[in-house]
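The values are calculated or read from the model by the stated rules, or taken from the named source; none is laboratory data. Quick caveat: nothing in here was measured; it's all calculated off a predicted structure. Virtual Cβ from ideal backbone geometry, glycine too; neighbours counted across all protein chains shown. All accessible areas refer to the heavy atoms of the entire protein, side chains included, with ligands and DNA or RNA removed. Shrake-Rupley method; radii C 1.70, N 1.55, O 1.52, S 1.80 Å.
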Amino acid sequence: MELSHIEHIGIAVKSLEEAIPYYEDILGLKCYAIEEVKDQKVKTAFFMIGQTKIELLEPTDPQGPVGKFIEKRGEGLHHIAFAVNGLEEKLKKVEGKGVRLIDQQPRKGAEGLDIAFLHPKSTFGTLTELCENKNKNK
Ligand code: CMX
């Protein structure tokens, strides 16, 4: 598969306003962006640590994926995102190996990345995102 690195770790929180001070004042990270991803029904906050980002996810709708997750499982680790090159082709490959895709085709996620999710029921319980930054060399 050739994953290049962990692009980000997604963490579900009820409130960005309440969670950000923990990451900034206690862990010493800096929130460098807040962005709403309307079609995912979330507001996100980003922190950088090494090559990897922490993405806090606050639901903007209780019926969205993160709203439902918090209702069912509480706040906490929501997904892991791996950086890949050639996302479309990688998706076809993993599907060919029997992994259930949530997204058949890449779509746009936060920070303009192309993203696609693999279903946690076929990834041993961890919601997994593959993402590609097509602008990284521009
Ligand atoms: N991690 C692990 N398991 C999860 C999960 C998660 N984040 N979210 C749901 N599940 C589990 C559920 O607990 C359930 O397990 P059980 O049947 O054992 O109880 C199972 O997956 C299926 O859940 P479901 O209720 O049938 O389906 P949902 O409607 O909750 O949808 C999922 C689950 C993963 C398909 C949906 O959340 C999804 O499509 N996620 C991808 C998009 C997303 O998460 N967007 C938010 C982030 C966007 C961003 O990063 O910008």
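Values computed for the structure shown
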read-out	value
Solvent-accessible surface ranking, highest first, for Val99, Val42 at 1.4 angstrom	Val99, Val42
Whole-Hz ³J(HN,Hα) from phi, Karplus 6.51 cos²θ - 1.76 cosθ + 1.60, for the stretch 109-115, glycine and proline x	x, 4, 6, x, 6, 8, 9
Cβ-based net charge around Glu111, under 10 Å, with every Lys or Arg adding one and every Asp or Glu removing one	-1
Full-stretch length increase - Val99, Glu24 - with 0.36 nm per residue and alpha-carbon distance subtracted	23.3 nm
Protein accessible area in the chain, 1.4 Å probe - carbon and sulfur %	52
Debye, to nearest 20: dipole size of the stretch 38-108, +1 on Lys, Arg Cβ, -1 on Asp, Glu Cβ	180
Exposure rank, largest accessible area first [Glu58, Glu88; 1.4 Å]	Glu88, Glu58
The chain - percent relative contact order, Cα under 8 Å, separation 6 or more	24
Extended-chain gain in nm, criterion 0.36 nm per residue less alpha-carbon gap, Ile80 and Asp61	4.7 nm
Calculated [θ] (222 nm, deg cm²/dmol) that DSSP helices of n ≥ 4 give over the chain, each run adding -39,500 (n - 2.57)	-5000 deg cm²/dmol
Surrounding net charge for Gly98, when Lys and Arg each add one and Asp and Glu each subtract one, Cβ distance under 14 Å	+4
Calculated FRET efficiency for the pair Thr126/Glu89, C-beta based, R₀ 30 Å, to 0.05	0.85
Descending semi-axes in whole angstrom, ellipsoid equivalent of the stretch 5-137, from the Cα gyration tensor	24, 18, 13
Probe 1.4 Å, all protein chains present, accessible-area order of Asp39, Asp114, largest first	Asp39, Asp114
Charged-residue dipole, Cβ positions (Lys, Arg, Asp, Glu), the chain about Cα centre, Debye nearest 20	500
Heavy-atom surface of the chain, accessible at 1.4 Å and reported per residue (Å²)	60
